[in-house]
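See below for the structure under consideration.
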């Protein structure tokens with residue numbers, strides 16, 4: 001299995017705490033968050049990782065060239081910000097398989113990737129999106145579901161419960177081939193939401209532990225999260 005990890009963002013929400021490295025390289029315990037995420041996805045069966053890098057990307061490149069993880073690692077470099085959609089298209093050029101996982105480099109969902117792939121193939125999906133149910137949700141839009149497929153999204157009122165995008169996708173490599181897309185675009189808003197009827201994304205509902213370390217309050221509890229799922233001793 002292959003995975004693209006999106007790690008090219010500016011990390012502005014975390015800049016007050018982490019200013020000298022890209023957000024996914026913020027230290028958790030004694031290693032970067034991205035180190036822990038990579039270690040986890042390798043255990044899930046990923047054998048080729050493509051890092052989509054931009055802002056201070058040389059720090060990510062240097063770290064993963066110096067440290068061996070026993071899998072193939074490639075880098076898709078953004079000379080200027082491409083948005084999540086442009087970054088995914090750029091990363092797909094480095095992929096060989098017909099089916100690719102895409103992860104946000106600042107979120108962590110303790111997901112069983114093999115089950116996601118089995119479910120994806122069973123339904124003949126072109127795209128699967130991992131969803132996590134949040135009882136208190138004041139930061140994310142909610143997915144609207146029908147027969148396990150996502151038919152739309154709606155904004156959440158303060159602390160309104162619902163299924164939210166957990167930042168892990170499984171896509172067919174040709175998913176975006178037949179769409180007229182700009183070089184720079186948001187995968188979530190400009191593609192998934194705009195073309196949702198054509199894509200008919202499958203929702204994979206998960207009750208496993210989830211964290212978004214991109215804001216200070218969650219970054220400060222990331223070590224406890226990793227201990228909870230057995231990624232820190």
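We did not get these values from a lab; they are worked out from the coordinates using the rules stated. Here the structure is a predicted model, which means the values were calculated and not measured. Glycine also receives a Cβ, built like all others from the backbone with ideal geometry; neighbour counts cover every protein chain displayed.
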> Over the Cα atoms of the chain, what Rg and Dmax result, in angstrom?
Replying inline: 16.7, 48
>> Nearest 500 deg cm²/dmol is fine: what mean residue ellipticity at 222 nm does the chain get from its DSSP H runs of n ≥ 4 alone, each adding -39,500 (n - 2.57), divided by its residue count?
In response: -6500 deg cm²/dmol
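Going by average Cβ neighbours within 10 Å, how do the peptides 160-170, 204-214 rank, with the highest at the top? The partial results should precede the final answer.
On the way: 160-170: 21.3, 204-214: 18.4.
Sorting 160-170, 204-214 by mean packing, highest first, produces 160-170, 204-214.
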> Considering the chain as a Gaussian network with a 10 Å cut-off on Cα pairs, which listed residue, 154, 78, 117, attains the greatest mean-square fluctuation?
Replying inline: 154
> Can you tell which of 145, 111, 89 shows the greatest fluctuation in a Gaussian network model of the chain with Cα springs below 10 Å?
Replying inline: 145
>> Rounded to whole Å, give me the distance from the Cα center of segment 56-111 to that of segment 166-197.
In response: 17
> What is the packing order of peptides 80-86, 172-178, taking the mean over residues of other C-beta atoms within 10 Å and listing the highest first?
Replying inline: 80-86, 172-178
>> Taking only the Cα atoms of segment 47-144, how large is their convex hull per residue, in Å³?
In response: 151
> What percent of all Cα-Cα pairs in segment 112-226 falls in each 5 Å bin, counting up from 0?
Replying inline: 2, 10, 19, 22, 20, 14, 9, 3, 0
> Computed over the Cα atoms of segment 167-233, what is the convex hull's projected area averaged over all directions, in nm²?
Replying inline: 6.7
> Of the listed peptides 179-187, 63-71, 21-29, 1-9, what is their order by residue-averaged count of other C-beta atoms within 10 Å, with the highest listed first?
Replying inline: 1-9, 21-29, 179-187, 63-71
